[in-house]
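**Student:** What follows is a structure written as structure tokens; I'll ask about it next.
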Amino acid sequence: MTNTNITAFRKNVFGFVDQAVTYGEVINVTTKNGNAVLLSEQDYRSLLETVYLTSIPSMTESLRAAAAEPLEDCVPYDHEEPW
């Protein structure tokens, strides 16, 4: 995470936005009224998806169970075949 104050942020807005978009860097901008966070749209959408998935009852447990399953017990997914 990159920390900067609002004055430095104003002087280099493009650089900070590029850093967030290109490298996935989170930019924390401090002001006298509080802080703001800049992140890429991709990271923002990813966070929203995570919040959504974890809001579904038992989804977290289901994901943990799937992650704990030994890889050799998994069946390869053929994306060409319909479900």
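Taken together, the values in this text are just the output of simple stated rules run on the coordinates, not laboratory data. The structure displayed is predicted, hence computed values, not measured ones. Here the Cβ is made from the backbone with ideal geometry for all residues, glycine too, and neighbour counts use every protein chain on show.
**Student:** In degrees, nearest 10, range 0 to 90: what is the angle between the Cα axis of helix 59-68 and the longest Cα principal axis of the chain?
**Tutor:** 70 degrees
**Student:** Counting other C-beta atoms within 10 Å, which of D78, D18 has the fewest, and how do the rest follow? Don't skip to the end; give the middle numbers.
**Tutor:** Values: D78 7, D18 12.
Least to most surrounded, the residues fall as D78, D18.
**Student:** Now a separate question. Would you be so kind as to identify which of P76, Q19, S46 lies farthest towards the positive end of the dipole of the chain, taking Lys and Arg as +1 and Asp and Glu as -1 on Cβ and the Cα centre as origin?
**Tutor:** The one lying farthest along the dipole's positive direction is Q19.
**Student:** What full-extension length gain, to one decimal in nm, is calculated for T4 and A36 as 0.36 nm per residue of separation minus the Cα-Cα distance?
**Tutor:** Stretched fully, the T4-A36 segment lengthens by 10.5 nm.
**Student:** Could I ask something else about it? Taking the Cα centre of the chain as the origin, how large is its charge dipole in debye, to the nearest 20, when only Lys and Arg (+1) and Asp and Glu (-1) carry charge on their Cβ atoms?
**Tutor:** Values: 5 positive and 12 negative charges, 218 e Å.
The calculated dipole for the chain is roughly 1040 debye.
**Student:** Per the helix-only calculation at 222 nm, which mean residue ellipticity applies to the chain, given -39500 (n - 2.57) for every DSSP H run of n ≥ 4 and division by its residues, nearest 500 deg cm²/dmol?
**Tutor:** Calculated from helices alone, the mean residue ellipticity at 222 nm is -15000 deg cm²/dmol.
**Student:** For the chain, just say rounded, prolate or oblate: build the C-alpha gyration tensor, square-root its eigenvalues into a ≥ b ≥ c, call rounded for a/c under 1.5, and beyond that prolate if a/b exceeds b/c, oblate if not.
**Tutor:** prolate
**Student:** On to the next question. Round to the nearest 10 and give me the degree value, 0 to 90, for the angle of helix 41-55's Cα axis relative to the longest principal axis of the chain.
**Tutor:** Once rounded, the angle reads 50 degrees.
**Student:** Restricting to the chain, what percent of DSSP beta bridges are antiparallel, rounded to 5?
**Tutor:** 55 percent
**Student:** How do Y23, Y44 rank when sorted from fewest to most other Cβ atoms within 10 Å of their own Cβ?
**Tutor:** Y23, Y44
**Student:** While we're here: Relative contact order for the chain using alpha-carbon pairs under 8 Å, separation at least 6, rounded to a whole percent?
**Tutor:** 20 percent.
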